Every structure is written in C-alpha cells, then in structure tokens.
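The structure under discussion appears below in the form of structure tokens.
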Amino acid sequence: MFPQAPNAVVMIRPHCFSPNEETRADNSFQSQAQQFDGSISQLAYEQVSRVAEQLEQAGVRVHLFEDLGTDTPDSVFPNNWFSTHAGGQIAIYPMYAKNRRRERRADIIELLKREYRVQDVIDYSGLEYDDLFLEGTGAMVLDHIERVAYTARSKRTDSHVLERFCSHFNFEPMVFDALSEEGVPVYHTNVLLCVGSDYALGGFEMIVEPGRRAEIKQRLQLAGKKLIELSEAQINAFCGNALELHGNSGRILALSQTAYDALTAEQIAVLESCVTLLPLDVSAIELAGGSVRCMLAGVHLSRR
C-alpha cells in the first residue's frame, strides 16, 4: 500500500565510530576536525541504539547489525552499498572510497534472503575496478511510485552505472548538477532531496541549471507532491536527509533533531498534514557528514 514508505529497515550499530578521513575531501557536510576522542564513538553507539528503539516503538521493523571493526568508519550508513526493491530484487553498489568497500556484508544479504522473498541480487561492485561508482540511495533518491531516480552528479555517481541500474530496475534517470554557494558539488543526492509519498523536501535552488530545476519541480508536482523548498542553511542542517517509513499508525518521516529544529513552523505544518514527524537525535553521527536517511536502508521486499 505504501511503496515509498517501507515498514522495515536495516541499521548498523558501530562500536568504533569516527568520521572517515577518506571521504573528507568531497563531503562538505563532514566535520573538519581532525581528532575525535572515544566519547564520540560511545555517543554514536548510544544514539544508534536509541534510534532503533524509537523506530521499533513506532512500529517499524529494525534489523540491527553490529560492526565491531575499526576499519569501516562509515558503516553506520548502509544505504550506500545496497538497496532493496519490490518484486524481490537487491542491488549492491560500487563505492568511491576504498575503505567503504569493506562495509559490504554477506550476512546482511543472507538475512534478507531468509526473511523476505528475494528473487535476484544484482551486484555492480566489480565496477569499482574501472573507477565507476554509484553509491546507492545516497547517490540516487528514488521515487518508487513514479519510478524516477533523481540523481546529482558527483564523484560518487557515474552516469553509465546509473543507466545500467535504471535499465535493470525500471527507473527513469533524472540527472542534474547541484552546487553549494561556494561552488562545491553536492556529494550525495539524499542530502539535497527527500521524496515522500505525497510531498518532497528539496534544496531546489542549489540545482544549477534553471530549466532543469523547473523540470524537476514540475515532475514532482505532477506526481501530486507538495513541494517544501529548503534553503542551503537547512540543507546543511540535514533537513533533506530524511526517510518516509510506515509504522503502526501510518506513515512516519524519520529525520534528525538537527533537521527538525531547522525547519520553519510553516514547513512543519505542511509536513504534518502528510505524515507524523519523528525527530531523532543523531548529532554524533552527523559529524561524519550524513544523517538519519543515510543510516536507514529501507526494506522494500515482501515478507516470507
């Protein structure tokens, strides 16, 4: 009933969290501090634990995996290395940063196969050897209803891999350039845009080409979505990095407390006319340059 709003997610609880030195160069959302003490790692562990509890209390099924390793600093963001799709398909993606490639885990795919109906696993990760990358639902924001893959160009998104994904999974690619006021490309589309069932939050003014910007906004509006325009300051507060889910009482928008606090009263009112807002404290995780949406790999598969 809610193809855009899965009722289950995969999460990773890190035991040795820290912002990733390998991704600092092209992720302007990441903290530029060079050293973090152990208290940040402990706080991240506690915040992931609490988010999992809050989602389960809201009626979302959470598959929580532990990461005990010390060499996978971004493992808390599993949505970049795999995605799931109605009809029983899983995609596995090629990752830009070499240390992020170690995040891929066979045990997660095996759990999905046990618990859900999986027909096919399409693995694009071998394209890394040709320096071709597509970092999952970070690189793409998927409208599962309209079958559109909204995609900002970056080092982490190759157009050839995108075309291949869209052909395999029956999406139409809508590619655009998005820059900060300093002229820095947005590293992942999912910090810029959130597409819900009947609304969309977006930093549309960051889309460089005016014609393309208008085309994307019109496409979303023609799909029946209320547009909530976000400023660049709100994008930097992770207001676009949210995910619609389905819980016991209907649709939920999971977003960070940072993002919620940066929204205006008018924006909150528009959102609350569509979904229940669930602000979550992930302030430690946000030091790594991602927020709630990055932490949640939605499960769009049918239960066995």
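At a glance:
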item: Highest-first arrangement of 206-217, 130-141, 66-77, where packing means the average Cβ count within 10 Å; result: 130-141, 66-77, 206-217
item: Cα-based Rg of the chain normalised by 2.2 N^0.38 Å, two decimals; result: 0.91
item: Estimated FRET transfer efficiency when R0 is 51 angstrom, pair residue 106-residue 229 (beta carbons, to 0.05); result: 0.75
item: Test item: Cα-centred dipole of segment 147-224, Lys/Arg +1 and Asp/Glu -1 on Cβ, debye; result: 200
item: Only Lys, Arg (+1) and Asp, Glu (-1) charged, at Cβ; segment 188-304 dipole about Cα centre in debye; result: 600
item: Segment 270-282 - phi-based ³J(HN,Hα) in whole Hz, Karplus 6.51/-1.76/1.60, Gly and Pro as x; result: 5, 4, 5, 6, 10, 9, 8, 7, 10, x, 10, 7, 10
item: For the chain, with +1 on Lys and Arg beta carbons and -1 on Asp and Glu, the positive-most of 269, 112, 183 along the dipole; result: 112
item: Charge tally in the Cβ shell below 13 Å around residue 281, where Lys, Arg are +1 and Asp, Glu are -1, residue 281 excluded; result: -3
item: Hits among lysines - C-alpha to C-alpha of residue 98 under 24 Å, sequence gap 8 or more where chains match; result: 155
item: Dipole in debye (nearest 20) - the chain, about Cα centre, beta carbon charges: Lys, Arg +1; Asp, Glu -1; result: 900
item: Per residue value of the accessible surface for the chain (all protein chains in place, 1.4 Å probe), Å²; result: 40
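The values are calculated or read from the model by the stated rules, or taken from the named source; none is laboratory data. Because the structure is a prediction, the values reported are computed rather than measured. Every residue, glycine among them, receives a Cβ derived from its backbone with ideal geometry; neighbour counts consider all protein chains shown. Heavy atoms of the whole protein, side chains included, go into the accessibility calculation; ligands, DNA and RNA do not. Shrake-Rupley method; radii C 1.70, N 1.55, O 1.52, S 1.80 Å.
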